[in-house]
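Undergrad: Following this message is one structure expressed as structure tokens.
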Amino acid sequence: MSSISHITKLYSINFYGDEIQTLVTSSSAAVDQWILSIYNLYPHRRRNLIVGLDTEWYPSFSDEITNPVAIIQLCIGNRCLIFQYLHADAIPVSLMRFLESRDFTFVGVGVEDDAKKLMRDHGLRVLATVDVRDMAAEKYGDLGMKRLGLKKLAFALTGKMMKKPKEITLSDWNCRKLSFAQVEYACIDAYVSFLLGVLILPTVSAGNSDKVHYFIE
């Protein structure tokens, strides 16, 4: 872990008029506070919480090299956390407990792969995941949705177009100071994952859906 001072910055990211309060940090204490704020915001709905999850890492242009996850994005409502794992002072116990909790269902496109990579790279276990493509295909009776990426799925279901420029997708996610464009990209990915989860899985929880994938050691 890096010993250089940690960066914590709050952004307001706009997506079609929605303002997403986005915390970008490498501080374990800041992550603790963010997670505590989520518990305080949803004291009576914790067992039904859907969380948008995504990860980013420095791209590898070789099949033989895979770089580790650099940032972890979590989104609930209009609150987003971007945790710069590679620059963290410590790995927050609160984050490990959050990811392992049966009270939350983590959603996204290819989210099970994200969870596997987090476990493989950093030993972080995400207990319950749901791929929104599978649920969308079932809900709307369109198996073609299983093959869509997040951008196309979001447009098909909400009419909202995400920007995914390659210069950002393939940018240096290991850098200590993320650009605004990187923060915006990372935030919107997690936020849209959350929106689709709420749209498609209005009643899902980690304990009541056979579509939830559970991590098995």
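The values are calculated or read from the model by the stated rules, or taken from the named source; none is laboratory data. It should be emphasised that the depicted structure is a prediction, and the values quoted were computed from it without experimental measurement. For neighbour counting, all protein chains shown are included, and Cβ atoms are generated from backbone atoms with ideal geometry for every residue, glycine included.
Undergrad: Which of the residues that make up region 125-151 are closer than 16 Å to residue 52 by Cα, without any contact (Cβ under 8 Å) to a residue 60 or more places away in the chain and exposed (fewer than 14 other Cβ atoms within 10 Å of the Cβ)?
TA: Residue satisfying the conditions is 149 alone.
Undergrad: With 179, 193, 205 as the choices, which residue is in contact with a helix residue (DSSP H, G or I) (Cβ under 9 Å, 6 or more places away or on another chain), within 30 Å of residue 10 (Cβ to Cβ), among the polar types (S, T, N, Q) and at pLDDT below 95?
TA: Among 179, 193, 205, only 205 is in contact with a helix residue (DSSP H, G or I) (Cβ under 9 Å, 6 or more places away or on another chain), within 30 Å of residue 10 (Cβ to Cβ), among the polar types (S, T, N, Q) and at pLDDT below 95.
Undergrad: Another question, if that's okay. What's the total number of residues in region 140-153 that are under 26 Å from residue 187 (Cβ atoms) and out of contact with any Ser or Thr (no Cβ under 9 Å at 6 or more places or on another chain)?
TA: 8
Undergrad: Picking from 157, 178, 170, which residue would you name as being of a type in the set (A, V, I, L, M) and more than 24 Å from residue 66 (Cβ to Cβ)?
TA: Result of the check over 157, 178, 170: 157.
Undergrad: Check off (1) loosely packed, with under 15 Cβ neighbours inside 10 Å; (2) at pLDDT 95 or above; (3) acidic (Asp, Glu) for residue 54 and give me the number that stays unchecked.
TA: If we test residue 54 against (1) loosely packed, with under 15 Cβ neighbours inside 10 Å; (2) at pLDDT 95 or above; (3) acidic (Asp, Glu), just (1) comes out false.
Undergrad: Please determine whether any residue of region 110-124 is in a strand (DSSP E or B), of a type outside the set (Phe, Trp, Tyr) and crowded, with 24+ Cβ neighbours inside 10 Å.
TA: No, region 110-124 contains no residue that is in a strand (DSSP E or B), of a type outside the set (Phe, Trp, Tyr) and crowded, with 24+ Cβ neighbours inside 10 Å.
Undergrad: A further question on this structure: Taking the conditions exactly as written (in contact with a Leu (Cβ under 7 Å, 6 or more places away or on another chain), surrounded by 13 or more Cβ atoms within 10 Å (Cβ to Cβ) and under 20 Å from residue 201 (Cα atoms)), does residue 99 satisfy them or not?
TA: Taking the combined requirement at face value, the residue satisfies it.
Undergrad: Using beta carbons and a limit of 6 Å, which pairs, at least six apart or on different chains, have the first residue in region 9-34 and free of Cβ contacts under 8 Å to residues at least 60 places away in the same chain and the second one surrounded by 17 or more Cβ atoms within 10 Å (Cβ to Cβ) and in a strand (DSSP E or B)?
TA: 9/24; 10/23; 21/79; 23/81; 34/23; 34/81
Undergrad: Please indicate, with yes or no, whether at least one residue in region 70-92 is in a helix (DSSP H, G or I), touching a Leu at 6+ places or on another chain (Cβ under 9 Å) and surrounded by 14 or more Cβ atoms within 10 Å (Cβ to Cβ).
TA: yes
Undergrad: For a quick check of your reading of the model, give me the residue pairs whose first member lies in region 47-74 and is farther than 22 Å from residue 85 by Cβ, whose second is surrounded by fewer than 20 Cβ atoms within 10 Å (Cβ to Cβ) and among the small types (Gly, Ala, Ser), with beta-carbon atoms closer than 6 Å and at least 6 apart or on different chains.
TA: 47/205; 48/205
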